[in-house]
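K.L.:
Have a look at this one.
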Amino acid sequence: MLTTDTSLNRGRRGTSTVLGTLIFVGILFTAVIPMFLVIRQADTLFENSKHELGILDQERRDEALYVYIYTVADPRSLIVKVQNKGELSVRIVRLWVNDEPLDLDYIVPPMSDIEEIHTYPIPEETDSYYIKVTTDRGNSVAFDTPLVWDYGMGWTSEILSINVLITSLPGNIFKIEVTGPDPAYQETLTLKYEPKFFLVDVEGTYAVTIFRGTKEIYYEEVTINDPEGPLVAWVFA
Amino acid sequence: MNKSTSMRRAYSPVIAALILSAVVLSVGGAVWAYSQGSMTIIAEDYIEGINELKDTISERFTIEHVANTSTQILVWIYNYGEVAIVVDVYVDIDGGESNSVMNVDVGPDDFVEVVIVFSAIQDNDEVAVKAVSRRGNNAYYRYLAQ
């Protein structure tokens, strides 16, 4: 009789324990674990977004767009040309002529030639021009030589320049020599990735020679040809 | 006599077990419901926080251009990101006045002009422009008045 009572008591105590365990497991599987899964998924999506934004920022830094302005006296206008030397296509969304924005939608393919994107008629009353384009990645690229309309001489520029940028030559410190019609000789030291600008006064063909130590490692001739050609000549070595 | 006594005794453990089970079920059910509710709220709060953080790091805007007249500084802000922004624009003329424009809405891929009025702007005044988004991101521009 005593044995029977004990087994009955044990069995009844076990029911609530089993129910309690079932409820605990139920809470674990229907509330806690789903919450952790949702949080984990949100974390994963956030990390993906961060990664994508990192790629977009890198693409923004890698844009290599150059703007050239050619001038036409009759009809009086500016011809805006661009060249994409980067590995990504670039979408130009805006052209600035002084403080006036002009919406554009022009895609420049990677490693392109110089392409004309716009002809801008110049009103008579304006004299000096600052040109800039904006890309959809938020970069603004300016044509850094101010153009001036002279009523006697037509289009002129305040400066002519040879710009040199060393990116691919081996070494860190270089000497650049520029020889040509004017001035007869200019030289400077430069570091890799540091652009150098040589201002000149007259158009013509200039020789750009790059030395590492005393050894000549690069030579290029560039022509500044105002008003037909570029006022600023770039040398990429 | 003994038999009837033992049969009477058997009811109370059964009732006790039933009551205990009912208590466990009701308390457990309440805890279960509370847990589900609170876990859902915690997960939703976390997702909301993550989304806000994602919007914060997704903001991409720049001060694209600045110009001036004799009494105005004109600031063009370009939002090249994928989320809408609200910016406050602060302009400080070096050694002169400061002024600001608040709550400028700029949608994704949008471009807005902001006009800040001053009493007088001289040629070659150095102007510092700062745009601060409501999510705490900044863009700066320095400009020489012409």
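The values are calculated or read from the model by the stated rules, or taken from the named source; none is laboratory data. Quantities reported herein were computed from a predicted structural model and do not represent experimental measurements. Note: ideal-geometry Cβ built from the backbone for every residue, glycine included; neighbour counts use all protein chains shown.
K.L.:
Just one of the numbered conditions (1) closer than 27 Å to A:Ile107 by Cβ; (2) at pLDDT 95 or above is not true of A:Thr71; which one?
P.N.:
Unmet condition: (2).
K.L.:
Return the pairs, sorted by first residue and then second, in which the second residue is among the hydroxyl-bearing types (Ser, Thr, Tyr) and modelled with pLDDT of 95 or more, the first residue lies in the stretch B:103-123 and is within 11 Å of B:Trp76 (Cα to Cα), the beta carbons are less than 6 Å apart, and the residues are 6+ apart or on different chains.
P.N.:
B:Phe111/B:Tyr78
K.L.:
Still on this structure: For B:Ile19, all conditions in the list (1) more than 7 Å from chain A (Cβ to nearest Cβ); (2) surrounded by 13 or more Cβ atoms within 10 Å (Cβ to Cβ); (3) of a type in the set (Val, Ile, Thr) hold save one; what is the number of the exception?
P.N.:
(2)
K.L.:
Out of the stretch A:17-61, which residues are hydroxyl-bearing (Ser, Thr, Tyr), within 9 Å of chain B (Cβ to nearest Cβ) and within 30 Å of the chain's Cα centre (by Cα)?
P.N.:
A:Ser49
K.L.:
Checking the condition under 29 Å from the mean Cα position of the chain (by Cα) and either modelled with pLDDT of 95 or more or not assigned by TED's automatic domain parsing to the domain that holds B:Asn137 (or both), which residue from B:Ala33, B:Ala43 passes?
P.N.:
Only one candidate qualifies: B:Ala43.
K.L.:
Just to be sure I understand, how many residues within the stretch B:46-95 are more than 10 Å from every other protein chain (Cβ to nearest Cβ) and either in a strand (DSSP E or B) or loosely packed, with under 15 Cβ neighbours inside 10 Å (or both)?
P.N.:
Total meeting the criteria: 20.
Residue by residue, here is whether (1) of a type in the set (S, T, N, Q); (2) over 20 Å from A:Asn163 (Cα atoms); (3) surrounded by 14 or more Cβ atoms within 10 Å (Cβ to Cβ) holds:
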site	(1), (2), (3)
A:Asn48	yes, yes, no
A:Ala64	no, no, yes
A:Val67	no, no, yes
A:Val72	no, yes, yes
A:Gln83	yes, no, yes
A:Glu87	no, yes, no
A:Asp105	no, yes, no
